[in-house]
Amino acid sequence: MRRRARLTSAEDYRLRRTARLLGLQAAALVLVCLVAVGVTVVLVVAHGQAEVGERALESAARSVDDIHDAPTGMWVAIDGPHGLETSPDMPDGLPDVSVMTDVAQTGKARWTQATLGDDELTVFTARSRNRTVQAILDPRESHAEIGRLVAALAVAGGLGVVLAGLGGSWLAGRAVRPTVEALALQRRFVADASHELRTPLTLLSTRAQLLRRHARADPAVAEGSRILDDVDALLEDTRALTSILEDMLLAADARSVDLAPSDVVVIADSTVAAARATAQGREVELVRAGETSVVAAVSSVSVRRAVTALVDNAIDHAVHQVRVVVTRDGDGEAVVVRVEDDGPGILGDGGDLFERFASRRALRVGEDDRRHYGLGLALVAEVAAQHGGSVTAGPRPDGRAGAAVTLRLPVSGRARQR
């Protein structure tokens, strides 16, 4: 028997909330179907009642001998040798004497409508055995039957909707649980792996720094020696591996972000300052433009990581310059961070630009062949989704060669709850 993964209280709450939501959706779908079926049934029954009533009226008008012979649910008026006779319970305003007179003169049967309160009554008048007979259908019985039908459909439908909601919630919980457990195991694996990898990476970086220090102090190692270059490359590799690990950890974090008022301009300025050395090493000018202060409710750590990924991506593609522009949108409801480069622009349709492992970075002359994993822009998309914002990529707004990636975050903060 397979052992189930133990869910945390937050994961169990999300599972139950998802199951309830799917149950409500199933109940709503069943409700719509039942309403459609109920309306169809009521219309068909009402139409059938009308046809049956018309046949009954015509039969009664041509065959009734006396007003007391009127079928149930019908009133009869007879104009014969004994004068005008009507059913004892016929409502005021009936029969329609003018129609009876016209039929008596012309001899042609007529179908008419009469109004009784809010009801429309069907009336049939015809000549029968030298008499003029008018039969009027009483709508009360048919209305009562329709009412009983609607009540029965409502009770059965309500019970069906409740059962559909409960059953849908139960089935959804059973169907979704394996996925939730798999995601929980994945997150725990990432957390455990990060805990196990951070210490070796830190030790490896420390030992590489010590090795470089000893190598530079050793007179046997000449300046410009390949040994020093290899040690520097080793340090760069450890930093790259640490950065990849941090990206993966942040992208795999399923928790909702904690928002706090932060100045996005300050975040952008510190990111630009940190990346300036890398940009200079690539002979790329890094420029910060736009507003001097934009405060928004964001997770400063997540936004800093996203802006860093945007700047790193732009530096990788730029030829001479990268611009980091921080502004507000037109109505001031969102803060916009736009990172522009003067590189070759976006290749292809860009449909997979924000997907993991979709790196399109081309190697520069003189660079090593270290693999780039394409996690940066995927991380930016995840941060944007966590904040209820968006990220888009396209040509530069000034029409120059290159690309612009725009991160848009709401100022008020609408973090996604997952």
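General observations
- Extension gain from residue 412 to residue 196, taking 0.36 nm per residue of separation minus the Cα-Cα distance: 74.0 nm
- Extension gain, residue 278 to residue 108: 0.36 nm times the residue separation minus the Cα-Cα distance gives 51.0 nm.
- Of the trypsin sites (Lys or Arg not before Pro) in the stretch 1-106, the ones in a loop by DSSP (not H, G, I, E or B) with at most 13 other beta carbons within 10 Å are 2, 3, 4, 6.
- With coordinates expressed along the principal axes, the C-alpha atoms belonging to the stretch 275-339 extend over 37, 23, 17 Å, beginning with the largest.
- Contour excess over end-to-end distance, with Cα ends at residue 122 and residue 52 and 0.36 nm allotted per residue: 24.0 nm
Bear in mind these aren't lab numbers, they're just calculated from the coordinates by the rules spelled out. This is a predicted model, so every value here is computed, not measured. All Cβ positions, glycine included, derive from the backbone under ideal geometry; neighbour counts span all protein chains shown.
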